[in-house]
């Protein structure tokens, strides 16, 4: 009986080991934007639901991942090293699918989605490639035809970081330079995680659901989006009006 139990546990562990880079997982990719040369580093940060739904975060979740450097990625300097995040699922929302991408810390200039099929075509080859490696972090030559760089960054002849042509122009690339994070002691780079609606083909400009912080030590911090000061003032104004109205009613 004990042998059977041990065997079952080992099978369970080996099964989980191959469960990386599944749909619904938050994926981080570090790569060079120069000519598709060098190495890209993909890390599965875990299932979206298991990370605590970013839209409900009240604090932050720190995810320890591997270090990275310009030399390892193959870039000539840190300014050419990019980081991008995304989540992909073709089963959520009643089969309509779902898409999340990293983006700038502002809603202005965030591109409208074009075709969810392009997002699928840009990410599925990479999932299959990384799954075959069986580890939570995978390295791969950017020149590989199935690489993230070739499929999700340069797909559909869009600017780098367009997630396979899913995000149209208007300047939104989905990727940020790691210059600050890697060139400054204790540095970091911040991006928003955008969700493109229950129907990802007509998701508008995307809804900000979390803050993504890529730290100099190679970790990623997932945290709640700070409420703008204007929102606090608006809220306090409403409370003041409510209190005044109650006082007048009394």
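Just one of 58, 101, 91 is within 24 Å of residue 153 (Cβ to Cβ) and in contact (Cβ under 8 Å) with a residue 24 or more places away in the chain; which is it?
Values: 58 fails: within 24 Å of residue 153 (Cβ to Cβ); 91 fails: within 24 Å of residue 153 (Cβ to Cβ).
Criteria check complete, one pass: 101.
So which residues in the stretch 52-77 are farther than 29 Å from residue 196 by Cβ and within 20 Å of the chain's Cα centre (by Cα), if there are any at all?
67, 69
State yes or no: is residue 80 at pLDDT below 90 and over 25 Å from residue 214 (Cα atoms)?
Numbers: at pLDDT below 90: yes; over 25 Å from residue 214 (Cα atoms): no.
For residue 80, the condition - at pLDDT below 90 and over 25 Å from residue 214 (Cα atoms) - is not met.
Check the stretch 156-163 and report whether any residue there is modelled with pLDDT under 85, in a helix (DSSP H, G or I) and surrounded by 18 or more Cβ atoms within 10 Å (Cβ to Cβ).
Within the stretch 156-163, none of the residues are modelled with pLDDT under 85, in a helix (DSSP H, G or I) and surrounded by 18 or more Cβ atoms within 10 Å (Cβ to Cβ).
What's the number of the only condition in (1) closer than 16 Å to residue 146 by Cα; (2) at pLDDT 85 or above; (3) surrounded by fewer than 21 Cβ atoms within 10 Å (Cβ to Cβ) that residue 41 fails to meet?
Exception for residue 41: condition (3).
Scan the stretch 109-131 and tell me whether some residue there is touching a helix residue (DSSP H, G or I) at 6+ places or on another chain (Cβ under 7 Å), surrounded by 15 or more Cβ atoms within 10 Å (Cβ to Cβ), part of a helix (DSSP H, G or I) and free of Cβ contacts under 8 Å to residues at least 40 places away in the same chain.
Yes, the stretch 109-131 has at least one match.
Looking at the stretch 72-94, which of its residues are surrounded by fewer than 16 Cβ atoms within 10 Å (Cβ to Cβ) and closer than 24 Å to residue 20 by Cβ? First the steps, then the outcome.
In the first step, residues of the stretch 72-94 are kept if they are surrounded by fewer than 16 Cβ atoms within 10 Å (Cβ to Cβ); the result is 76-77, 79, 91, 93-94.
91, 93 - these are the residues of the stretch 72-94 that are surrounded by fewer than 16 Cβ atoms within 10 Å (Cβ to Cβ) and closer than 24 Å to residue 20 by Cβ.
Filter the stretch 190-214 down to the residues that are at pLDDT 90 or above and surrounded by fewer than 19 Cβ atoms within 10 Å (Cβ to Cβ) and list them by number.
The answer is 190, 213.
The values are calculated or read from the model by the stated rules, or taken from the named source; none is laboratory data. Small disclaimer: the values here were computed from a predicted structure and weren't measured. All Cβ positions, even for glycine, are placed from backbone atoms using ideal geometry, and neighbour counts span all protein chains on display.
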